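For reference, the structure is listed below as structure tokens.
The values are calculated or read from the model by the stated rules, or taken from the named source; none is laboratory data. Remember, it's a predicted structure, so these values are computed and weren't measured experimentally. Quick reminder, even Gly has a Cβ in these numbers, built from the backbone with ideal geometry, and neighbours come from all protein chains shown. When the accessible area is computed, the model is the full protein with side chains, heavy atoms only, and any ligands, DNA or RNA have been set aside. Shrake-Rupley method; radii C 1.70, N 1.55, O 1.52, S 1.80 Å.
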Amino acid sequence: MGGTFPRGATAIAGLATFGLGECPGWTSLEMAAKAAQLAVADAGLTMREVDGLFICLPDDVLAGLSLAEYLGLSPRFTDCNRTGGSAFMSHVATAATMLAAGYIDTALITYGSNQRSGGGKLSTPVGSNAWEAPYRPLFPASSYALAASRHFHQYGTTRRQLAEVAVAARAWANGNPEAFAQGPLGIDEVLAARMLSSPISVRDCCLVTDGAAAVVMTRIDRARDAPRPPVPVLGAAAATWHNAISQMGDLTTTAAAESGPRAYAMAGIGPGDVDVVELYDAFTINTILFLEDLGFCPKGEGGRFVEDGAIAPGGRLPVNTNGGGLSCCHPGMYGLFAIVEAARQVRGEAANQIPGVDIALAHGNGGALSSQATVILGSAATI
């Protein structure tokens, strides 16, 4: 069963990023608050107009209370849903539904993390899962390595094809002043990198950075009065199939195979209508899996799909045009940054702007390929 998503009834009216890369001396809460202030100003609104607060911080399970207090807000509704990096796409779905219903009038979705300056690491030993811990995996790297190994075995995918993903991300990052990792990166360099959890090397892993992002959503009629062009939300869907990787039914198919088709149906489009794709690339295998599961190529063809710079600048499908989590930023969770980049592309103001973007897809991943969520954004011409 399911209701009707309010296609185009709500829009992103403001957005911002802050402190990407290194932001020493700031707490995660302070960074999220700064991004929030910038996004609210970008929307031409004031903070007191925010009555829906959506927040997920890495170091505060009561972040909704903390941020409301810090910003001096008294929201009608606060959501601290935590599904990892997919949480922010779920926030968009919830906010769009509540705005369309008139339950709230202005939604603020924000996030910040000082993971890099705070000394955080990408992968740590598993200690909380009694069934996986005896094998001494690194979390989350070994989980993604397991999925990559199965994809290699089942479909003939290669490390060189994974390297294509990392090289493409760096090529996009080199055109984005906000991106933390810049400079030349070639296939051979990726293949020669230190192995972390076979077949995943350190070059197949996302960055560890600081960073904050925020978006402001409101109903489309109000968004049209904002200083910048509104970015209508055409569809948003989430799906969660497991938590631990050992409980994943098929290591080569993620819940994006459910969230994507539902989001497409809401938006009334298909994969061929999407102009730009922003994927949660915590590891290079993610991009390949999600391109398949979201319908951009058949299952098992993802490795071949990304060959020869197909998703790099000048390729046939623009993917992770800001550099993604592999080369732009990855402050604990990347999901909201994919949404911001998708919205910037629709607005026509991205660093690596793709001409004539009318439809942009942002996809988030949480846990060990556990939770997937897809948001489809459009231009004013799509509603």
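Quick notes
- Nonlocal amide H pairs with residue 278, under 5 Å, H built at 1.01 Å: 320, 361, 362, 363
- Taking amide H positions as modeled 1.01 Å from N, with prolines and chain starts lacking one, the residues under 5 Å from residue 201 and 5 or more places away or on another chain are 196.
- A viscosity of 0.890 mPa s and a temperature of 25 °C, combined with the Kirkwood radius over C-alpha pairs in the Stokes-Einstein formula, give the range 273-383 a diffusion coefficient of 176 µm²/s.
- A 1.4 Å probe run over the protein chains yields, for the range 47-136, 49 Å² of accessible area per residue, whole-number rounding.
- Within the chain: Cβ-based charge dipole about Cα centre, in debye rounded to nearest 20 (Lys, Arg +1; Asp, Glu -1): 240 debye
- Summed over the residues of the range 187-243 and divided among them, the accessible surface reaches 39 Å² per residue at a probe radius of 1.4 Å.
- Mean Cα-pair separation over length for the chain, i.e. relative contact order, pairs under 8 Å, 6 or more apart, %: 26 percent
- Carbon/sulfur fraction of accessible area - the range 79-145, other protein chains in place, 1.4 Å, %: 54 percent
- Protein-only accessible surface at a 1.4 angstrom probe places the residues 48, 150 in the order 48, 150, largest first.
- Residues in the range 367-375 carry Karplus couplings, in order, of x, 9, 6, 8, 10, 10, 8, 10, 10 Hz; the curve used is 6.51 cos²θ - 1.76 cosθ + 1.60 with θ = phi - 60°, and Gly or Pro positions show x.
- Total formal charge among the other residues, if their Cβ is under 10 angstrom from that of residue 180, Lys/Arg +1 and Asp/Glu -1: -2
- Dipole-positive endmost among 310, 64, 367 within the chain (Cβ charges, Cα centre): 367
- Gap separating the Cα centres of the range 338-383 and the range 151-187, nearest whole Å: 20 Å
- Residue among 106, 158, 83 with the largest mean-square fluctuation in a Gaussian network model of the chain, springs linking Cα atoms under 10 Å: 158
- Of all the options 227, 355, 261, the one that moves most in a Gaussian network model of the chain with Cα springs shorter than 10 angstrom is 355.
- Computed from phi, the 3J(HN,Hα) profile of the range 259-275 under the Karplus parametrisation 6.51, -1.76, 1.60 (θ = phi - 60°) reads 5, x, x, 5, 5, 4, 4, 4, 7, x, 9, x, x, x, 8, 7, 8 Hz, with x in place of Gly and Pro.
- Using a probe of 1.4 Å, the accessible surface attributed to residue 47 totals some 40 Å² when neighbouring protein chains are kept in position.
- If both residues of a DSSP beta bridge must be in the range 1-143, then about 25% of such bridges are antiparallel.
- Over the chain, DSSP H runs of length four or greater, each weighted -39,500 (n - 2.57), average out per residue to a 222 nm ellipticity of -9000 deg cm²/dmol.
- For the chain, built as a Gaussian network whose Cα springs stay under 10 Å, the top-fluctuating residue of 272, 335, 309: 272
- Over the Cα atoms of the chain, the radius of gyration divided by the Kirkwood radius equals 0.94; this is the Rg/Rh ratio.
- A Förster radius of 41 Å, combined with the Cβ-Cβ distance separating residue 103 from residue 247, puts the computed FRET efficiency at roughly 0.75.
- Taking amide H as placed 1.01 Å from N in the peptide plane, the amide H of residue 139 sits under 5 Å from that of 124, 126, each at least 5 places away or on another chain.
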